[in-house]
Amino acid sequence: MSLPQAVLRLSTDVLADMNDDERLAFAYAHGPALSGFGDDAELVCVWETETVPEEASDEAVHLTVARFEELLDSLMLGEGWYEPSAEALHVIARFADGTLLADDSEWGSRARAEVTEFPQALADASRTAVEREAEEIAKRLSDAQDPWDVAETLTGGLHRAYVALFAAAGHFFPGREHRREYVERYLLGDEVPEAEAAVWAAAEAPAAERGDALAEAWRALAKTVLDNC
């Protein structure tokens, strides 16, 4: 299968200038162009150096092998996923869903083989978090008066819910963008996106009416996730 145009450009116009550098361990591309959800792609280069070379192209994201290994090991141990900003989940999910463009060291192939064995520790930890936090989040949503508090609570709670849903099926949650499309791709059903929509609908109600309805909508979402885990 031919690569999307955005990936070909990164490979020929950006990676080509670095590919002969023996310090480059491997490089991969990820993004909507590869997933079929858009036209954009991002290049990630991983270096066998203590620090990223200063001359590395600013058209790519750069990591050292040591940092990549640290992030991968963290996630395989069931860590590095809890917050929406978690770097380990962000990097490894995109690596797992991306395509290798350079791998003379074969380190990238070994890492790809490792992520095909989905970490049960991550599935267990994320499911436990959703179960443990269900009532706590419901109470916080019921009591919240400031819309910012509501949004902050929902952002974290929904992130963990989706991590658990994807992990139960053996997939790394790729992030909030295109989550519905990824749910459809991995045949995870419509129940959780529909429950999420109900949560946001409840959150938009006037403050005087929001509390109980939002708490119940959250409980329904958490139950739906756990039923699918």
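The values are calculated or read from the model by the stated rules, or taken from the named source; none is laboratory data. Every value quoted in this text rests on a predicted model; they were computed, and no experiment measured them. Here the Cβ positions follow ideal geometry from the backbone for every residue, glycine too, while neighbour counts run over all protein chains shown.
Please find, within region 31-81, the residue that is farthest from residue 107 (Cα to Cα) out of those that are buried (at least 17 other Cβ atoms within 10 Å of the Cβ) and aromatic (Phe, Trp, Tyr).
Per the criteria, the residue is 81.
Which one of the conditions (1) touching a Pro at 6+ places or on another chain (Cβ under 8 Å); (2) surrounded by fewer than 21 Cβ atoms within 10 Å (Cβ to Cβ) does residue 159 fail to meet, given that it meets all the rest?
(2)
Identify the residue in region 90-113 that is among the charged types (D, E, K, R) and over 17 Å from the mean Cα position of the chain (by Cα) and, among all such residues, is farthest from residue 25 (Cα to Cα).
Checked region 90-113; the qualifying residue farthest from residue 25 (Cα to Cα) is 110.
Among 52, 46, 91, which is the only one that is out of contact with any helix residue (DSSP H, G or I) (no Cβ under 8 Å at 6 or more places or on another chain) and not assigned by TED's automatic domain parsing to the domain that holds residue 174?
52
Which residue pairs have Cβ atoms under 6 Å apart, sit 6 or more places apart or on different chains, and have a first residue in region 53-81 that is more than 17 Å from residue 103 (Cβ to Cβ) and a second that is exposed (fewer than 15 other Cβ atoms within 10 Å of the Cβ)?
Pairs found: 77/121; 78/121.
Right, residue 132: free of Cβ contacts under 8 Å to residues at least 12 places away in the same chain and either closer than 16 Å to residue 83 by Cβ or surrounded by 21 or more Cβ atoms within 10 Å (Cβ to Cβ) (or both) or not?
yes
Residues checked against (1) more than 30 Å from residue 180 (Cβ to Cβ); (2) part of a loop (DSSP other than H, G, I, E, B); (3) modelled with pLDDT under 95:
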position: 11; (1), (2), (3): no, no, yes
position: 16; (1), (2), (3): yes, no, yes
position: 21; (1), (2), (3): yes, yes, yes
position: 27; (1), (2), (3): no, no, no
position: 37; (1), (2), (3): no, yes, yes
position: 63; (1), (2), (3): no, no, no
position: 83; (1), (2), (3): no, yes, no
position: 88; (1), (2), (3): no, no, no
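One line per residue, one yes/no per condition, for (1) surrounded by 15 or more Cβ atoms within 10 Å (Cβ to Cβ); (2) closer than 21 Å to residue 70 by Cβ; (3) in contact with a Gly (Cβ under 8 Å, 6 or more places away or on another chain):
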residue: 89; (1), (2), (3): yes, yes, yes
residue: 99; (1), (2), (3): yes, no, no
residue: 113; (1), (2), (3): no, yes, no
residue: 139; (1), (2), (3): no, no, no
residue: 143; (1), (2), (3): no, no, yes
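Where residues in region 7-18 are of a type outside the set (D, E, K, R) and surrounded by 15 or more Cβ atoms within 10 Å (Cβ to Cβ), which of them is nearest to residue 51 (Cα to Cα)?
18
For region 152-184, how many residues are without any contact (Cβ under 8 Å) to a residue 40 or more places away in the chain and aliphatic (A, V, I, L, M)?
Residues that pass the stated criteria total 2.
How about region 134-186: which of its residues are part of a helix (DSSP H, G or I), hydroxyl-bearing (Ser, Thr, Tyr) and under 16 Å from the mean Cα position of the chain (by Cα)?
155, 162, 182
So, in region 112-122, of the ones that are assigned to a helix (DSSP H, G or I) and either in contact (Cβ under 8 Å) with a residue 60 or more places away in the chain or charged (D, E, K, R) (or both), which residue ends up nearest to residue 46 (Cα to Cα)?
Step by step, filter region 112-122, then rank; the result is 112.
Can you name the condition, by its number, that residue 57 falls short on among (1) modelled with pLDDT of 95 or more; (2) over 19 Å from the mean Cα position of the chain (by Cα); (3) of a type in the set (S, T, N, Q)?
(1)
Between a first residue in region 191-219 that is of a type in the set (Asp, Glu) and a second residue that is assigned to a helix (DSSP H, G or I), which pairs have beta carbons less than 7 Å apart while being 6 or more apart in sequence or on different chains?
If the second residue must be assigned to a helix (DSSP H, G or I), the pairs left are 191/224; 196/158; 196/221; 212/142.
Residues being buried (at least 20 other Cβ atoms within 10 Å of the Cβ) and aliphatic (A, V, I, L, M): count how many of those fall in region 196-229.
Adding up the residues that qualify gives 8.
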